[in-house]
Amino acid sequence: MTGWDILDKFINGAPSIAATVLLVAAAVIFVVGFSRYGFNFLKYGFSQKEVDDLCKKIDGLSAEVKTEIGNLRTEFHTELETIKINHFGHLKNFLCELTSILLDKNVINNTDKARLDNQLRDM
């Protein structure tokens with residue numbers, strides 16, 4: 001038994017006005033759905049999402065991504081500045097220690113050490 005047989009029995013068994021109203025309603029629903037969604041109506045019916053809904057979701061995600069990128073950029077610059085400060089701080093300490101060792105070994109004198117320390121202080 002096919003779908004056409006079932007439809008034929010339904011049409012012959014139901015009163016003619018009820019069957020006509022039912023077929024007209026089905027045709028109207030099909031025409032409205034097909035004109036609105038095209039061939040996708042046959043696949044998904046009326047439960048399809050509108051393009052506007054998808055655009056709103058994409059715009060929301062785009063704004064979130066831009067915010068996150070801005071936050072990451074700020075964090076990166078902050079960490080980079082911290083690394084620079086710490087790096088030069090360690091370098092200054094190392095150079096001060098080196099000048100002290102050179103003074104102890106009599107490679108430089110007190111005036112040279114003071115001059116080097118002043119240069120390091122200005123950095």
- Task: Name the single residue, out of those in region 93-123 being surrounded by 10 or more Cβ atoms within 10 Å (Cβ to Cβ) and hydroxyl-bearing (Ser, Thr, Tyr), that is nearest to the chain's Cα centre (by Cα).
- Result: 99
- Task: Go through region 79-104 and count every residue that is more than 14 Å from residue 117 (Cα to Cα) and either touching a His at 6+ places or on another chain (Cβ under 7 Å) or modelled with pLDDT under 80 (or both).
- Result: 10
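If you go through region 20-37 one residue at a time, how many are basic (Lys, Arg) and touching a residue at least 12 places away in the same chain (Cβ under 8 Å)?
Of the residues in region 20-37, 0 are basic (Lys, Arg) and touching a residue at least 12 places away in the same chain (Cβ under 8 Å).
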- Message: Condition check: surrounded by 10 or more Cβ atoms within 10 Å (Cβ to Cβ), of a type outside the set (Phe, Trp, Tyr), assigned to a helix (DSSP H, G or I) and at pLDDT 85 or above. Does residue 67 satisfy that?
- Response: yes
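The values are calculated or read from the model by the stated rules, or taken from the named source; none is laboratory data. Please read these numbers as outputs of a predicted model, since none were measured by experiment. Heads up, the Cβs are rebuilt from the backbone with ideal geometry, glycines too, and the neighbour counts pull from every protein chain shown.
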